[in-house]
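Okay, structure first, notes after.
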Amino acid sequence: KGKEKWPRGDEKVWKDGLRGVDKDVPDITRSVVHHVQTSLARQAYNLDEAGAYQAAALSVRDNLLVNWNETQLHFNSKPTKRAYYLSLEFLMGRTLDNALLNLGLKNKYADGITKLGFSLEDLLEQERDAALGNGGLGRLAACYLDSSASQELPVWGYGLRYQYGIFQQLIGPDGSQLEAPDPWLQHDNPWELPRSDVTYDIRFYGHSERVDGMKAVWSGGQEVLAVAYDVMIPGYATKNTNNLRLWESKPKRGFDLNSFNAGDYERAVESSNSAAAITSVLYPNDHTTFGKELRLKQQYFWTAASLADILRRFKNLDKPISEFPEYVSIQLNDTHPTLAIPELMRILLDEEDVPWDAAWDIVTRTFFFTNHTVLPKWPVPLMQHLLPRHMQIIFDIVTVEKKFPGDREKLARMSLIEEGFPQNVRMANLACIGSRKVNGVAELHSDLLRATIMKDFVDFFGISKFFNVTNGITPRRWLDQCNPLLSQLIADTLKLPKATFLKDLTRLEGLLKFEDDPNFQKKWAAVKQSNKERLAHYVQVTTGHIINTKAMFDVQIKRLHEYKRQTLNILGVIHRYLALKAMTPEERKKVNPKVVFFAGKAAPGYYIAKLTIRLIVNAARIINEDPETKDILSLFFLPDYSVSLAEILIPASDISQHISTAGTEASGTSNMKFCLNGGLLLGTVDGANIEIAEEVGEQNVFFFGHLTPAVEDLRYQHMYHPVPIEQKCPGLAKVINEVSAGRFGDAGVYEPLLNTIRQNDYYLLTEDFDSYIQALKLVDEAYQDRTEWIKKSIRTTAKMGKFSSDRAIQDYAQECWNIESNKLP
Ligand code: GPK
């Protein structure tokens, strides 16, 4: 863009904009010019897109701030019960587009920005994702914030302001995943408000002494400062704007002056570094907690600061402490915030002088616990050292022990302490005992919880404490924002304003009336086609590859994990490739062309998952270059999966894969996103796939594989009566042998991955492979009848109402929190 003219756009607008002389300059343009010249101290001359984005964002933020302030005032004006969502992860993605849509200002900003010589669409691309989460659990928290604000519910989120979000994924020359840091705060973040006035002291280590019986004093150790940053959460088509409060850790006082004066510079900065380290980085492990001291410090720092803040707000109401649960409900997003339970006990016992039983009663009426997995998680040691007072409290929580004096085995299973060297705290048991209610995230998952890991607690507390809230997704981001063409087509077809179905997703059922209308079918297919072209354009720009957009697009995007079985998918692709190679050119002409997309990150220390990535990348290098097959099969691993990349991939998919071993995927949420965007689902009978099929009808999904009740028996068989893979599943054995022999390079490299299948095959690839291949064949056949396929696609979208996160949040609001909507006038 060397010879560009400066300023861009209309010079008069830039000049008059700030002074406000020209009545024709719209307010929005004026406000953007104002931020360029004042907040950024820049000029129209040489303003690049990054600067224009910043100015536009600051201008939008002004709108949000007004609403945000009014919302806080509104809810403070009379005593209101509030709910708090404690989550160590909030995977927010970008904000500008979402804020504009929720405010209803997108078109106005697009016009205003055009006057300045920029395009809004380009500016949106300037924003970095806020990626403070790993995957489903973190993105769910973000959807729930949107739904809470959109339904005018008094819900705040509490999390951590990590300096570095989830790592950036690169692919090395040999095809393996490499990791780079994500310094997302390097440029100013216009979406947060630092609150230097909202701070708390948080203590670690030290010693706890009990004075006269119950009352204890915890002192000494290290104290650090928690500083609040507020992120505005706009509701859709409402002024209500909620808050997400993120904590940053700082040294309590600069650095240690004594050491500094004594010339010991290193010691002086050491303690300040260790304080800042607490919120420096998001742990990149999905589904696992390790016994890492810094991770436990993060968890305590965050829960202690959040509780202190919640308590301070409650105290403004001037109510007796016994009424705390009448004004406060706290949702624990998985076991990560479980320390909030002993922490609230500590505050009540040691600071508020509440007797033990009354304190426990308050605690168990305040907390609610959502479990997100049935996979084992490792409990955390170190507690004694880091949090001595909390350890005493945990040892004193003997509810369970009292009730089963005789049954030693049951007692051992339910105990908060796992015996051994060292002893461990069982966070899930503590979260269950300390909460009013416990829920799973899809029907099957909640059933499994009640039948397995929570069984003893069901016997103890009764079944009504354990219930289900099926996950949901926000239709604002996952329909309107990511797929504006579809959203518009739906509005035009139903003759409804978008807000009607974006706020009540069950209204999509109205589309069923049009499923047979050829004109509508044509428009429906055209939207899918243009989303496929948008994705193809992205791939071309980022990788140089040209994609056949007439081919079927098959997508699997999620964290790399053995239980999610990306390995099954890639071995299926290779199976297809080998079959194509064995065909005559004539036969190949009849084949339905297909493009397979993968994306997803592996935890940096997850060796097997990283090998799967390497195999996908290297298989792609061979397959995409093969002149005999490349027109009918191509394969892409798109690096650095993110919320923003999902927004391009999901609307473009014809079929998406959700193929976990039955009983392992608690719910899944991308399955809902694909279906909402008219992509069909290929999956196992697992998690929310089951409920999706119930809604859209089994004839509209492609199911395969063994069912949950069979899984345990099959694993037992594998352990005690192993059958060689050549016998058990010859089709898969052939594929594995090709990989093993180096057909995709790197002979020998993939052995550890292939051995997981050859040996005890815990995730049952050998059991499900044949029915998987069969299901893929049915997908191909169905795609040949394009009209029938389009009808399935329409029906799928039409029946996705249940999966709005608005419904999920209503479930929580009614079953748990007991809070009410309160719309700003
Ligand atoms: C579950 F336990 C965990 C975890 O640590 N991280 C995570 O993303 C996911 N999850 C489940 O794996 C999904 O099935 C589920 O849809 C999602 O949480 C939200 O509930």
message: Please go through (1) closer than 30 Å to residue 668 by Cβ; (2) more than 16 Å from the ligand (Cβ to nearest atom); (3) touching a His at 6+ places or on another chain (Cβ under 9 Å) for residue 343 and return the number of the only condition it doesn't satisfy.
response: (1)
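Taking the criterion of being within 30 Å of the chain's Cα centre (by Cα) and β-branched (Val, Ile, Thr), would at least one residue in the range 421-432 satisfy it? Break it down into steps so the answer makes sense when it comes.
To start, the set of residues in the range 421-432 that are within 30 Å of the chain's Cα centre (by Cα) comprises 424-432.
Subsequent filtering for residues that are β-branched (Val, Ile, Thr) retains 425.
Yes.
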statement: Cβ pairs under 8 Å, 6+ apart or interchain, first in the range 364-375 and farther than 11 Å from residue 341 by Cα and near the ligand (Cβ under 9 Å from one of its atoms), second among the acidic types (Asp, Glu) and part of a loop (DSSP other than H, G, I, E, B), ordered by first then second residue, are 370/334; 371/334; 372/334; 373/334
statement: Here the residues within the range 165-185 that are over 15 Å from the mean Cα position of the chain (by Cα) and crowded, with 19+ Cβ neighbours inside 10 Å are 169, 175, 177, 182
- prompt: Is one or more of the residues making up the range 571-592 assigned to a loop (DSSP other than H, G, I, E, B) and touching a strand residue (DSSP E or B) at 6+ places or on another chain (Cβ under 7 Å)?
  reply: yes
Subset of the range 626-647 that is within 21 Å of the chain's Cα centre (by Cα) and outside any helix (DSSP H, G or I) - its residue that is nearest to the ligand (Cβ to nearest atom): 641
- line: Those residues of the range 492-518 that are assigned to a helix (DSSP H, G or I), in contact with a helix residue (DSSP H, G or I) (Cβ under 6 Å, 6 or more places away or on another chain) and among the acidic types (Asp, Glu) come to a total of 1
statement: Here, helices (runs of 4 or more DSSP H) confined to the range 404-477 with at least 3 residues that are within 15 Å of the ligand (Cβ to nearest atom) are 427-433, 443-451
- request: Just give me the residues in the range 393-444 being of a type in the set (S, T, N, Q), out of contact with any Asp or Glu (no Cβ under 8 Å at 6 or more places or on another chain) and surrounded by fewer than 18 Cβ atoms within 10 Å (Cβ to Cβ), in sequence order.
  value: 399, 423
- prompt: For the range 560-580, which residues satisfy the criterion of being within 16 Å of the ligand (Cβ to nearest atom) and either crowded, with 23+ Cβ neighbours inside 10 Å or not assigned by TED's automatic domain parsing to the domain that holds residue 629 (or both)?
  reply: 560, 561, 564, 565, 566
- request: Report yes if residue 601 is buried (at least 21 other Cβ atoms within 10 Å of the Cβ), part of a loop (DSSP other than H, G, I, E, B) and modelled with pLDDT of 95 or more, otherwise no.
  value: yes
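When you look at residue 824, is it more than 30 Å from residue 700 (Cα to Cα) and not assigned by TED's automatic domain parsing to the domain that holds residue 721, yes or no?
Working: more than 30 Å from residue 700 (Cα to Cα): yes; not assigned by TED's automatic domain parsing to the domain that holds residue 721: yes.
Against the criterion (more than 30 Å from residue 700 (Cα to Cα) and not assigned by TED's automatic domain parsing to the domain that holds residue 721), residue 824 qualifies.
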Helices (runs of 4 or more DSSP H) wholly inside the range 67-159 that include at least 2 residues being within 16 Å of the ligand (Cβ to nearest atom) and in contact (Cβ under 8 Å) with a residue 12 or more places away in the chain: 136-150
field: Among the candidates 655, 659, 725, residue that is within 14 Å of the ligand (Cβ to nearest atom) and among the hydrophobic types (A, V, I, L, M, F, W, C)
entry: 659
task: Scan the range 326-347 residue by residue and report those that are in contact with a helix residue (DSSP H, G or I) (Cβ under 8 Å, 6 or more places away or on another chain), in a helix (DSSP H, G or I) and over 13 Å from residue 434 (Cα atoms).
output: 327, 346, 347
query: In the range 381-397, is there at least one residue being part of a loop (DSSP other than H, G, I, E, B), within 16 Å of the ligand (Cβ to nearest atom) and in contact (Cβ under 8 Å) with a residue 60 or more places away in the chain?
result: no
- request: Among the numbered conditions (1) small (Gly, Ala, Ser); (2) more than 30 Å from the chain's Cα centre (by Cα); (3) at pLDDT 95 or above, tell me where residue 745 comes up short.
  value: (3)
query: Quick one: residue 321 ticks every box in (1) hydrophobic (A, V, I, L, M, F, W, C); (2) under 30 Å from residue 561 (Cβ atoms); (3) surrounded by fewer than 19 Cβ atoms within 10 Å (Cβ to Cβ) bar one, so which box is it?
result: (2)
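The values are calculated or read from the model by the stated rules, or taken from the named source; none is laboratory data. Here the structure is a predicted model, which means the values were calculated and not measured. Every residue, glycine as well, gets a Cβ built from its backbone with ideal geometry; the counts of neighbours run over all protein chains shown.
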